[in-house]
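The values are calculated or read from the model by the stated rules, or taken from the named source; none is laboratory data. What you see is a predicted model; the values in this text were computed from it and never measured. So basically every Cβ, Gly included, is an ideal-geometry build from the backbone, and we count neighbours across all protein chains shown. Each accessible area value is taken on the protein alone, full model and side chains, heavy atoms only, with ligands, DNA and RNA left out. Shrake-Rupley method; radii C 1.70, N 1.55, O 1.52, S 1.80 Å.
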Amino acid sequence: MDQLLNFIKQVKTGQVPLPEGEAATKQGVVLPLLARLGWDVFNPREVIPEHSTGARRVDYCLRAGKESVF
């Protein structure tokens, strides 16, 4: 939990610069946050990028077992 709070503080204070553009923000902020929350961002069965939910797409689908969270 300390790593997560420290990362959030670094983002808020500018120690971790906010990248320009959506893809860079996903890579530089979102994925590190998910990793600090315990998600295996390198496992495409657990963190699924650009997932289709039927009528729309989400940036990431988080899957724990067979349960998906959009």
For the chain, give the percent of accessible area contributed by carbon and sulfur heavy atoms, probe 1.4 Å, rounded to a whole number. 55 percent
Counting only protein heavy atoms and leaving out ligands, DNA and RNA, the solvent-accessible surface of Arg56 at a 1.4 Å probe, in Å² to the nearest 10, equals 140 Å²
Could you tell me the center-to-center distance, by alpha carbons, between the stretch 8-45 and the stretch 52-68 in angstrom? 18 Å
Determine the calculated [θ] at 222 nm for the chain from helices alone, applying -39500 (n - 2.57) to every DSSP H run no shorter than 4 residues and normalising by the residue count; nearest 500 deg cm²/dmol. -8000 deg cm²/dmol
Between Glu22 and Asp2, how many nm apart are label points set 7 Å from Cα along the C-beta direction? 3.8 nm
Which three extents, in whole angstrom, do the alpha-carbon atoms of the chain cover along their principal axes, largest first? 38, 27, 17
Check the straight Cα-Cα distances from Lys66 and name the aspartates and glutamates below 14 Å, setting aside those fewer than 8 residues away within the same chain. Glu46
Using the Karplus curve 6.51 cos²θ - 1.76 cosθ + 1.60 with θ = phi - 60°, what ³J(HN,Hα) values do you get for each residue of the stretch 25-41, in whole Hz, with x for Gly and Pro? 5, 4, 6, x, 10, 5, 4, x, 5, 4, 4, 5, 7, x, 7, 8, 5
Calculate, for the chain, the solvent-accessible area per residue in square angstrom, rolling a 1.4 angstrom probe over the heavy atoms of the protein chains. 76 Å²
With the 8 Å Cα cutoff and a minimum separation of six or more residues, the chain has a relative contact order in percent of 18 percent
